[in-house]
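Rule-based calculations on the coordinates, nothing more; no lab input. Since the model is a prediction, treat every value here as computed from it, not as a measurement. Note that each Cβ is placed from the backbone with ideal geometry, even for glycine, and that neighbours are counted across all protein chains shown.
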Amino acid sequence: MNIDQERLATTFTHLCQTDSPSRREGKIAAVLKNIFSDLAPDHFFEDDSAAITGSESGNLFFRFTGTTHQEPLFFNCHMDTVQPGVGVRVRREGDIFTSIGDTILGSDDKSGIAALIEALQVIRENNLPFRPVEIVLTTCEEIGLLGAKALNPEHILAKTGYSLDSSGFGRVITGAPASNRLQVTIGGVASHAGLHPEWGINAITLAGKALAQIACGRIDDQSTVNLGTIHGGTASNIVPEKVVIHGEVRSHSQHRLEELTSEIEAIFTTTVKNWRDPSGQAKGVPSLDFTSELDFPLMLLDREDQVIIEAEQAAQAVDLELTFERAGGGSDANIFNGYGLQTAIIATGMTHVHSTNEQVSLQDMVALTRLIIALMTR
Ligand SMILES: [Zn+2]
């Protein structure tokens, strides 16, 4: 397998130096359309998700029919990068890539994309027999998996695939939590705090009573809870009329996710219900609006699942040792698994992601390319 390391380095640098903040993926999408069309895909299209995500681009799909009659396989990366990520200048020292220091590098997720491109180039120039392969490049992953959520899964013919999108190397992510996003609005009654405090109902005090009863942080070995923002009140001399709280519950157990969400709702409900009017002069009663929305579904793969077995076999073929782990975050792979597409996440070698110290080594990207080729040609 002749991987052209310098070509891979050049591709990676070119991708990193092409701006691609979330929703502004137009430039990188144009570059990728060019690069992938040179690899002669049998089918290409851009979906109409831009209207939903607000991105300059839709999700991109490249289909390669392949030359063998094995099951098709898809590979996914996201095109967008976090900020500060405009005007990235790549620094290379030996085999290590970083930015020059004022931006992120963008190896999240361009290390994965560059390895995919190099893998297909090697397959094409060596005429290696390969299975049907689909490349799915999403937008707006970093701002809530918006591209993957807006994607029509019927566009993907394969039933199994890999997201190349995790830090470290040799890691395969087999599970990630589901998450509920919470919005809680507590309504009180506004009144002048000095003249008619009896008329008012203090929404902040009520919120505080409820919040004091809610455990945040790691709740058990499967679950976490966070109440992340709170907004309320208008002035120090007005009894606050409204408090809005945003939070989340995550769990590797669907059952625990629902249980914890209900417990939190019950605390708010009981607190508001137990409100008593101390003077009997309040101009109303408090109210509660509690909404919980599934942000992303559970990802839970088994060691016996085809994606895991195939990853192990491919790794063996290229002498690579893999570790299998659960992650705490949600990514596009959660959404794909939610669509019924069995998807594991493979680490690309990137480290210190989302910081200006982000880095990746060429040797890790070369090893990743080998693994991808093994998966495509097995
Ligand atoms: Zn990523």
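Here Lys273, Lys159, Lys242 are placed in order of increasing Cβ neighbour count within 10 Å, fewest first, which gives Lys273, Lys159, Lys242. The trypsin sites (Lys or Arg not before Pro) found in segment 274-339 that occupy coil by DSSP, while having at most 10 further C-beta atoms within 10 Å, are Arg276, Arg303. The relative contact order of the chain comes to 24 percent, based on Cα pairs under 8 Å that sit 6 or more residues apart. Considering only Leu227, Cys216, Thr205, and ranking their Cα positions along the charge dipole of segment 181-276 that arises from unit charges at the beta-carbon of Lys, Arg, Asp and Glu, the one farthest toward the positive end is Thr205.
Among the listed pairs Lys33/Lys149; Lys149/Lys209; Lys110/Lys242; Lys27/Lys242, a Cα-Cα separation exceeding 32 Å is found for Lys149/Lys209; Lys110/Lys242; Lys27/Lys242. In this label model, Glu258 and Ala235 are separated by 4.8 nm, measuring between points 7 Å along each Cα→Cβ vector.
Segment 293-313 and segment 142-189 have Cα centres separated by 13 Å.
Taking a quarter of the surface of the Cα convex hull of segment 1-124 gives a mean projected area of 8.3 nm².
Each distinct pair of alpha carbons in segment 1-72 adds a 1/r term; the inverse of their mean, the Kirkwood radius, is 14.1 Å.
Only Cα sites of segment 271-318 enter the Debye sum here, all with the same form factor; the resulting log10 I(q)/I(0) across q = 0.33 1/Å is -1.18, listed in q order. Extending 7 Å from Cα along the Cβ direction at Ser279 and again at Asp95 yields two label points whose distance is 7.5 nm.
Among 98-109, 351-362, the peptide with the highest mean count of other Cβ atoms within 10 Å heads the list, and the full ranking is 98-109, 351-362. May I ask for the Kirkwood hydrodynamic radius of segment 178-296, worked out over all distinct Cα pairs and given in angstroms to one decimal? That comes to 15.0 Å for segment 178-296. The aspartates and glutamates within cross-link reach of Lys273, meaning a Cα-to-Cα straight distance under 18 Å and a gap of 8 or more places when in the same chain, are Glu241, Glu263, Glu265, Asp289. Cα extents for the chain along the principal axes, largest to smallest and rounded to whole angstrom: 85, 44, 37. Each peptide in 54-62, 210-218 was scored by the mean count of other Cβ atoms within 10 Å over its residues; highest first, the order is 54-62, 210-218.
Go ahead and set up a Gaussian network model of the chain, Cα springs under 10 Å, then flag whichever of Thr160, Thr271, Thr13 fluctuates most. Among Thr160, Thr271, Thr13, the largest mean-square fluctuation in the Gaussian network model of the chain belongs to Thr271. In summary, segment 289-340 shows an alpha-carbon radius of gyration equal to 1.52 times the 2.2 N^0.38 Å reference for compact globular proteins. Taking the Cα centre of segment 178-296 as origin and assigning +1 to Lys and Arg Cβ atoms and -1 to Asp and Glu Cβ atoms, the resulting dipole is close to 320 debye. Dipole check for segment 278-378: with +1 at the C-beta of Lys and Arg, -1 at the C-beta of Asp and Glu, and the Cα centre as origin, the magnitude is about 240 Debye. Mean silhouette area of segment 231-378, derived from the convex hull of its C-alpha atoms and averaged over all directions, reads 14.3 nm².
Across segment 207-271, Cα pairs under 8 Å and at least six residues apart give a relative contact order of 32 percent. Here the chain is treated with +1 on each Lys and Arg Cβ and -1 on each Asp and Glu Cβ, and its dipole about the Cα centre works out to around 720 debye.
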